[in-house]
Amino acid sequence: MNRANSNTQNNRIPQMSTNNQFSKPVISAPNAAPVQRQSSRDQSALLQNQSLKIGQGQGHLHNEGQGEGQSKNSHQNQAQSQMSPPQSTNESEAELPMELLQAGWRRFWSKREGRPYYFNKLTNQSLWDLQQLLDTQLDPLSDPLGIATPSPPPMSPSDIRMTRLSVDIPSPQVGNKRRSSGEALASPVKRPMQQPVPIISPTWNFEIPTNVVIYERAMSHILPPHPEVEVLRAQLILKLRQQYQEMCHSREGIDSPLESFNRWLLERKVIDKGNDCMFPSNCSPEISQSMYREIVNDIPIKLVKPKYSADARRQLSKYAEAAKKMVETRNASPESRKLVKWHAEDTFQWLRKQPNATYDDYLERLAHLKRQCQPYLIEAAKGSVEGICSKIYALSCEYAKKVNEKSWQILQEHGVKDPDLPEPPRRKVMCYPVLLGVPCPRMPTVEHHIEGETTYVRFKGETMKINTSHFQKLEQLYRWNCKDDPRFDKFLARVWCLLRRYQTYFGPQQNEGFLLQGALPVPVFECLHRLFGVTFECFASPLNCFYKQYCSAFADIDSYFGSRGPILDFHPVSGSFEANPPFCEELMEAMVDHFESLLAESSEPLSFIVFIPEWRDPPTEALVRLENSVFKRGQVTIPPFEHEYRHGFQHICPKTELNVKSSHGTLVIFLQNEAGFVKWAPTTERVNELLLAYRPKDKLN
């Protein structure tokens, strides 16, 4: 059990073997004579032949008595036997049903609590009360010690303690001093004692198993995360954002477009083949069409929807003046300069003649001016804007190199090298998280404390905050998916890295990037699973996932919490998926290519239910291709303001702000191959039920 108090490790009584040849009786009646023990030579031979390690759960409840009998003399053995009730292996086995014995359950005695507990050798689960397992089928992950149930009655002297095989006792480390229980489970920061983490909550359901099948994948050469590296990466990303803003302001006289930098990161990662999880460093072409398009769209000035007629008139005048000034100061062709200046002067004359024009008149005139001038303005600014895009990419490559050097410096300090990873056999398996092949170094100290519903995690004075419920969610995902840290030694450090990574990715401004993390409402997820067999999210993160199976942007840190890596690198053979991509046109187009390729290659049931914004003025390339796909089995449109999304910052926002109404329509498209259509067809009844699940609660009343 991960949550058990580690300080009780050395208070347990020693274990016994059910093998008569090597058994070591340690329990006797209160007045009985001390039991003769094996010789120390036999004990050493026995212990040196051990090959099994104690699992995660054994390290807290089951392992508390290990090694105790190996360091006590006969006098201590007699005193210990007088403190424990008489026990017999055969009687204890008789008390457990055969199906529980076959399932790995055994009974042990807790010296600290003065009562028995039950341990499963196969699953590393522990329970205080066996009746919970028989009557209520208690899930040990939701209530591992049976805290929510009444304590069992006191044990009678005739109760028997069940022993376990001697091979479960770990072999001693020769030459190493035996540590106390606090040191044995110690980490730079001990894992906090929390309440049992539910696997079902109002915002997630981890009881849903996966139905996704993949071919077994090789381990990844991605470097493991480290707090020191995350600090450096955050500093360099912030510096790059500031340089982008300065170049836009100095060269084009505008602020950097809102969310433009975040969409640049998304668009670059579609084609990037570099080794950094965030900085693009190996892209072709180097000039980002996403960044170029957003900059030129704000030239010569950024246009916003005005509130009043006076604002519309003022914005029209500013645009005409800025356009005229731009062609006069840039290296524009004579024809371009002549046409733009003529349209600007024509606008000034119209403004003088129409002092009391209506709001719509101003907007119509502004749209006309922009249509006439924009092509010439873009031609004049093309070289400068491409220079901005090229410079940002060059800086990104430089910063990616610095981050990589920092990572390897830390790894080499701990003696870690890049291993040779074998290729796995080509066989179908149920999907599993990305496995990192490079060992993780020792993590530095990370502190945490809880204040009400908020948990704070701090490293070197930099504090990340998260809702306590989501902190417990991360703990649950970590317990399920992390393979290299059963004692949670690195848990807090990795949580800090995760929070630091996503905060760096979103941006420093308030509410910046929250659209990149928006998620479907919980009733929709439940409906998708119930009607269409959905068990997997294609675009999620440990912070906003509903299922415990998902793909996300950062395989290096998210994999410890269950991520299968980026969706474009994930190749399932069968399964049912939900896809709600970030609103980046290049990423959505790549998603369509990837899904159609998977559907064409697989003959097993495969289904993708795609949720994208209904942008039709003009329609996006991804929307057009989805509607014309040969794998489309149906579609439905949900009108704006009649449905909601979960907040992109649900892990830190108040519960009252969790749901956000959508200001645009959402298009739901079902992509399925033949087998997927047979199994999860979008019938009229199913689609109507999905629409009902999408309606906000206030609409249902």
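Ala367 falls short on exactly one of the conditions (1) touching a residue at least 12 places away in the same chain (Cβ under 8 Å); (2) surrounded by fewer than 14 Cβ atoms within 10 Å (Cβ to Cβ), and that condition is (1).
I'm trying to understand the selection: among the residues of the stretch 443-466, which are touching a His at 6+ places or on another chain (Cβ under 6 Å) and not hydrophobic (A, V, I, L, M, F, W, C)? Hit for the stretch 443-466 is Tyr456, nothing else. Does the stretch 435-442 contain at least one residue that is closer than 28 Å to Gln235 by Cβ, without any contact (Cβ under 8 Å) to a residue 12 or more places away in the chain and touching a His at 6+ places or on another chain (Cβ under 9 Å)? No - not one qualifying residue is present in the stretch 435-442.
Yes or no, residue by residue, for (1) modelled with pLDDT under 95; (2) among the small types (Gly, Ala, Ser); (3) out of contact with any strand residue (DSSP E or B) (no Cβ under 9 Å at 6 or more places or on another chain); (4) more than 21 Å from Val212 (Cβ to Cβ):
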position: Trp480; (1), (2), (3), (4): yes, no, yes, no
position: Arg501; (1), (2), (3), (4): no, no, yes, yes
position: Tyr505; (1), (2), (3), (4): yes, no, yes, yes
position: Pro508; (1), (2), (3), (4): yes, no, yes, yes
position: Asn511; (1), (2), (3), (4): yes, no, yes, yes
position: Gly533; (1), (2), (3), (4): no, yes, no, no
position: Asn544; (1), (2), (3), (4): yes, no, no, no
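Suppose the filter is outside any helix (DSSP H, G or I), assigned by TED's automatic domain parsing to the domain that holds Tyr362 and either polar (S, T, N, Q) or within 18 Å of Ala380 (Cβ to Cβ) (or both); does Ile301 pass it? Criteria met by Ile301.
If I ask for residues that are part of a loop (DSSP other than H, G, I, E, B), under 24 Å from the mean Cα position of the chain (by Cα) and of a type outside the set (Gly, Ala, Ser), which ones from the stretch 414-441 would you list? Result: Cys431, Tyr432, Pro433, Val434, Leu435, Val438, Pro439, Cys440, Pro441. Of all the residues in the stretch 648-659, those that are over 12 Å from Ser469 (Cα atoms) and either over 16 Å from the mean Cα position of the chain (by Cα) or surrounded by fewer than 16 Cβ atoms within 10 Å (Cβ to Cβ) (or both) number 4. Annotation: Glu621 fulfils all but one of (1) at pLDDT below 95; (2) crowded, with 20+ Cβ neighbours inside 10 Å; (3) over 30 Å from Leu474 (Cα atoms); the unmet one is (2).
Is it the case, given these coordinates, that Asn275 is surrounded by fewer than 15 Cβ atoms within 10 Å (Cβ to Cβ) and touching a residue at least 40 places away in the same chain (Cβ under 8 Å)? Here the answer is no, as Asn275 does not meet what is asked. Condition test on Lys341, is it under 35 Å from the mean Cα position of the chain (by Cα) and surrounded by 13 or more Cβ atoms within 10 Å (Cβ to Cβ)? Answer is no for this residue.
Give all pairs with beta carbons closer than 9 Å in which a residue from the stretch 217-243 that is of a type in the set (S, T, N, Q) meets a residue that is assigned to a loop (DSSP other than H, G, I, E, B); count only pairs at least 6 apart in sequence or on separate chains. Filtered contacts from the stretch 217-243: Ser220/Leu421; Ser220/Val434; Ser220/Leu435; Ser220/Gly437; Ser220/Val438; Ser220/Gly565.
This table checks each residue for (1) touching a strand residue (DSSP E or B) at 6+ places or on another chain (Cβ under 6 Å); (2) among the β-branched types (Val, Ile, Thr); (3) not in a loop (DSSP other than H, G, I, E, B).
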| residue | (1), (2), (3) |
| --- | --- |
| Pro224 | yes, no, no |
| Arg233 | no, no, yes |
| Arg241 | no, no, yes |
| Met247 | no, no, yes |
| Pro257 | no, no, no |
| Asn262 | no, no, yes |
| Val270 | no, yes, yes |
| Gly274 | no, no, no |
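In this entry, Cys373 is excluded by the filter for residues that are under 23 Å from Pro285 (Cβ atoms) and either assigned by TED's automatic domain parsing to the domain that holds Ser288 or part of a helix (DSSP H, G or I) (or both). Residues in the stretch 591-610 that are within 24 Å of the chain's Cα centre (by Cα) and within 18 Å of Lys679 (Cβ to Cβ): Phe595, Leu598, Leu606, Ser607, Phe608, Ile609, Val610. Does Lys406 meet the test of being surrounded by fewer than 16 Cβ atoms within 10 Å (Cβ to Cβ) and either out of contact with any Cys (no Cβ under 6 Å at 6 or more places or on another chain) or at pLDDT below 95 (or both)? Answer is no for this residue.
Scoring Asp489 on the criteria (1) more than 24 Å from Ala218 (Cα to Cα); (2) touching a Phe, Trp or Tyr at 6+ places or on another chain (Cβ under 9 Å) leaves a single failure, condition (2). Of the residues making up the stretch 346-361, at least one is loosely packed, with under 14 Cβ neighbours inside 10 Å, within 47 Å of the chain's Cα centre (by Cα) and either of a type in the set (Gly, Ala, Ser) or in a helix (DSSP H, G or I) (or both). On the given criteria, is Leu411 part of a loop (DSSP other than H, G, I, E, B), of a type in the set (A, V, I, L, M), closer than 25 Å to Pro566 by Cα and more than 20 Å from the chain's Cα centre (by Cα)? It is false that Leu411 is part of a loop (DSSP other than H, G, I, E, B), of a type in the set (A, V, I, L, M), closer than 25 Å to Pro566 by Cα and more than 20 Å from the chain's Cα centre (by Cα). In the stretch 591-603, the residues that are free of Cβ contacts under 8 Å to residues at least 60 places away in the same chain form Cβ pairs under 8 Å with partners that are among the hydrophobic types (A, V, I, L, M, F, W, C) and surrounded by fewer than 18 Cβ atoms within 10 Å (Cβ to Cβ), at six or more places apart or across chains, as follows: Met591/Leu568; His594/Leu568.
The values are calculated or read from the model by the stated rules, or taken from the named source; none is laboratory data. This one's a predicted model, so the numbers in the text were calculated from it and none came from an experiment. Using ideal geometry, Cβ is built from the backbone for each residue, glycine included, and neighbour counts are taken over all protein chains shown.
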